[in-house]
Every structure is written in structure tokens, then in C-alpha cells.
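Trainee: For reference, the structure I am asking about is given below.
The values are calculated or read from the model by the stated rules, or taken from the named source; none is laboratory data. Every value quoted in this text rests on a predicted model; they were computed, and no experiment measured them. Neighbour counts run over all protein chains shown; Cβ positions are idealised from the backbone, glycine included. Note: accessible area is taken over every heavy atom of the protein model, side chains too, but ligands, DNA and RNA are not part of it. Shrake-Rupley method; radii C 1.70, N 1.55, O 1.52, S 1.80 Å.
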Amino acid sequence: MLKVIKPGIFSTIQDEGRTGHQQYGIIASGVMDSVAYRIGNALLKQSDKAAIEMTLNGGSFEFKKATAFVLTGGMMHATLNNQLVPMYKVISAKAGDVLTCGTILNGARSYFCIAGGFLVDEILGSRSTYLKAQFGGYKGRALQPGDEIPYEETRVKYAAYQVNTKTFYEKAPIRILPGTEWQQFSRGMQTSFINQSYTISNKSDRMGYQLDSHKSISLEKPFQLLSEAVTFGTIQLPPSGHPILLMADRQTTGGYPKIAQVITADLHRLAQLTPQQTLLFQLVSLEQAEEAYFELEQQLRLLEAVLK
């Protein structure tokens, strides 16, 4: 068991998500930053094993059995029995050891991956926490002090690799494709949407980011829109004129006009943005989006192959 001493601001158990059930209104959930999550599991020579996603501030945990773990994602100060531990490197822990994770200094989310993954119940093919429906993860909720999460004991020795992730998190505009209602907006509104900067509101969470800007965006001729499927990275435009950027816990359908869609290759960078942080968009073609996805996937698969 892993005993939760302090859970941090908001920590949940997540994996790659609950796919194949959105037609029934069941959201996908899953990790916000799939790149950090995949690298953490790759370092432990495994894939899609449940991890703890910590938001803005880490927690403190006591190991009840010997194991190995990795911390990835947003950089933070972490110690094991008061000794500093590096991120993106496999660390061995003994029974009774205490891991303490501090404030995330560079990014919004960090991942605590453990050998074999956290052994919570699998529901509909996933161990991800679905907060609103209160199932998945650990009792369908965020972690609380005193929780005890099962994991397998392991004494396997891992190579002392430490992964450099700078190339995965370069500072650049978030790339987008035109949304399904893009052509319904005037050329002036399209230009305004792309060229201005946005601030992530404090109201933002795993469901979506509310984007504040100096100039609101609107349709010249508002129209009725039937609810349609939405996905991670869909940018909707409500009547307020301030875009909503949907994230991992987004609803399955939405009735607001969809002005743009963040490309898959930039979703992990989006996940590491914090409230009050500014972001810019860059419109790209479908060919450019595909090329960026293939490049990212190639980098990750090569890294996974080398580590395994």
C-alpha cells in the first residue's frame, strides 16, 4: 500500500483514459499530459499503468512495500526521506520511506508513476478517475489524507537513465486547426481570434480552460447549433465571447460554435499551462498538424524502445 499523508492541492489517479464509451455519455478522462505520463511508464519498462496526477502542488506519501517510482511532468522539489530526488529518473524506495513533493515550479501537473502501476479497480477498461460520476481511480474522487492505494512489491533494478525533456516542451504558440464552425466567423473575427493573446482564467480545471482576452469574439449572424461531439483541445465560443478550451474531463458533446481545435501534438504543452498564464495561437494546416503528430510520436516511440 501507498499511504497518502498529504494529497496536495488536487491529486487523482489517471491512466490513458476511458475510450469507446462517449456515445453513452461517459467521458474519457485520463492524464492531461500524456507525454510526461508515457515517459514515466517507459522509464519503468511498462505502458499505460495507473499513475497519480498532481496539480500545482505535490503531496507526501509513505511506501509500505519496496518498489521503484518515477516523477515526471512539471518540475518540482521532491525528497525521499529528506534527500533530494531527481525527476525523470527511476528511484528505489523501501518500506517506510516517505516521498515529499513540493510546489510545481515549472508547469501545472506532475506525475507519480510506480512499478506495476497503482492497482485500483479497472472500470470500463480504465483506472482513470471520473469525478462527476464518482467512479474509477480511488473511490471515484481526489486523494485524501489517510488513503491507502495498493501496488505490487518489486525489487527489480532499473537502469540509471535520466531523460531530458526540453525538446518536448519548447516555448511556442499553441497550434490550432480551424474548427467546424470556423467559416461562420467573419474574416475580421478570425484574424482577431488568432492574433490576440489569451489569459487562462482561475476558473479553469481538468474539464476546460476559460480564456480571457481584451477583445471578445462573436458571430455576425448567431445561429442555432445542435449539440455535436467535442474532444480534447476543442475551442468553443459561448455567448460571452470568451473561448472555452476543453480538456481531459470535457463533456462528450457541446452546443457552442467550435471555432478551432488544438492539434494533438500540442495537447501536452497545453496541459502544463497554469491559471493566469498567457498563451498565443498559431493557425496551421492539416498537413502540418499531421507532420507534428508523427514527429512527436516518433520521438516518443524511439525513447520508449531505447528505455525498454
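Trainee: Hey, which of these cross-link pairs are over 29 Å Cα-Cα: Lys3/Lys89; Lys139/Lys258; Lys139/Lys203; Lys139/Lys308; Lys94/Lys139? Intermediate values should be presented prior to the final figure.
Mentor: Working: Lys3/Lys89 22 Å; Lys139/Lys258 34 Å; Lys139/Lys203 25 Å; Lys139/Lys308 32 Å; Lys94/Lys139 26 Å.
From Lys3/Lys89; Lys139/Lys258; Lys139/Lys203; Lys139/Lys308; Lys94/Lys139, over 29 Å: Lys139/Lys258; Lys139/Lys308.
Trainee: Another question, then. Restricting to DSSP loop positions (anything but H, G, I, E, B) with no more than 13 other Cβ atoms inside 10 Å of their own Cβ, which trypsin sites (Lys or Arg not before Pro) remain in the range 64-150? Display every interim value, and only then the final one.
Mentor: On the way: sites: Lys64, Lys65, Lys89, Lys94, Arg109, Arg127, Lys132, Lys139, Arg141; in loops: Lys64, Lys65, Lys94, Arg127, Lys132, Lys139.
Listed in order of number, the matching sites are Lys94, Lys132.
Trainee: Please report the projected area of the chain's Cα convex hull averaged over all directions, in nm².
Mentor: On the way: hull surface 61.3 nm².
Computing the convex hull of the Cα atoms and averaging its projections yields 15.3 nm².
Trainee: Could you tell me which of rounded, prolate or oblate describes the range 224-308, using a ≥ b ≥ c as the square roots of the eigenvalues of the alpha-carbon gyration tensor, with rounded for a/c under 1.5 and, failing that, prolate when a/b is larger than b/c and oblate otherwise? Can you show the working numbers first?
Mentor: Values: a/c = 2.11, a/b = 1.89, b/c = 1.12.
Prolate is the answer for the range 224-308, as a/c is 1.5 or above and a/b outweighs b/c.
Trainee: Further question on the same structure: Heavy atoms only, probe 1.4 Å: what % of the accessible area of the range 211-286 goes to carbon and sulfur, would you let me know?
Mentor: On the way: 1860 of 3410 Å².
Roughly 55 percent, rounded to a whole number.
Trainee: Between Glu295 and Glu153, with labels modelled 7 Å along Cα→Cβ, what's the label distance in nm to one decimal, could you check?
Mentor: Result for the modelled spin labels: 4.8 nm.
Trainee: Quick check for you: with a 1.4 Å probe and neighbouring chains kept, what is the accessible area per residue of the range 153-222, in Å²? Please report the intermediate quantities before stating the final value.
Mentor: Values: 4590 Å² over 70 residues.
Heavy-atom accessible area per residue stands at 66 Å².
Trainee: Would you mind checking the tilt of helix 34-43 against the longest principal axis of the Cα atoms of the chain, expressed as 0 to 90 degrees and rounded to 10?
Mentor: 20
Trainee: Angle, helix 286-307 long axis vs. longest principal axis of the chain, Cα atoms, 0 to 90°, nearest 10?
Mentor: Taking the Cα atoms of the chain, the angle to 286-307 is about 0 degrees.
Trainee: If you don't mind, there's one more thing I want to ask. Solvent-accessible area of Leu302, probe 1.4 Å, all protein chains present, reported in Å² to the nearest ten, please.
Mentor: 120
Trainee: What ³J(HN,Hα) values, in whole Hz, does the Karplus curve 6.51 cos²θ - 1.76 cosθ + 1.60 give for the range 206-212 when θ = phi - 60°, with x put for Gly and Pro?
Mentor: Along the range 206-212, the couplings run 5, 7, x, 9, 8, 9, 9 Hz.
Trainee: Here is a further query. Among the GluC sites (Glu not before Pro) within the range 185-290, which fall in a DSSP loop and have no more than 14 other Cβ atoms within 10 Å of their own Cβ? It would help to have the intermediate numbers written out before the result.
Mentor: Details: sites: Glu220, Glu228, Glu287, Glu290; in loops: Glu220.
Listed in order of number, the matching sites are Glu220.
Trainee: Next question. In whole percent, how big is the carbon plus sulfur part of the accessible area of the range 1-44, probe 1.4 Å, protein atoms only? Display every interim value, and only then the final one.
Mentor: Working: 830 of 1520 Å².
That share works out to 54 percent.
Trainee: Okay, next question. Could you look at the range 101-205 and say what percent of its accessible area is carbon and sulfur, using a 1.4 Å probe and all protein chains?
Mentor: Numbers: 2620 of 5720 Å².
Summing carbon and sulfur atoms, their accessible area is 46 percent of the total for the range 101-205.
Trainee: Going from most exposed to least, what order do Arg187, Arg38 have by accessible area with a 1.4 Å probe?
Mentor: On the way: Arg187 185, Arg38 45 Å².
Per-residue accessible area, sorted high to low, gives Arg187, Arg38.
Trainee: Still on this structure, I have one more. Accessible area per residue, 1.4 Å probe, Å², for the range 1-84: what's the number?
Mentor: Values: 2940 Å² over 84 residues.
Roughly 35 Å² per residue, with all protein chains present.
Trainee: How much accessible area per residue does the range 235-308 have, in Å², with a 1.4 Å probe? Intermediate results must be reported in sequence, preceding the final value.
Mentor: Working: 3370 Å² over 74 residues.
Value returned for the range 235-308: 46 Å² of accessible area per residue.
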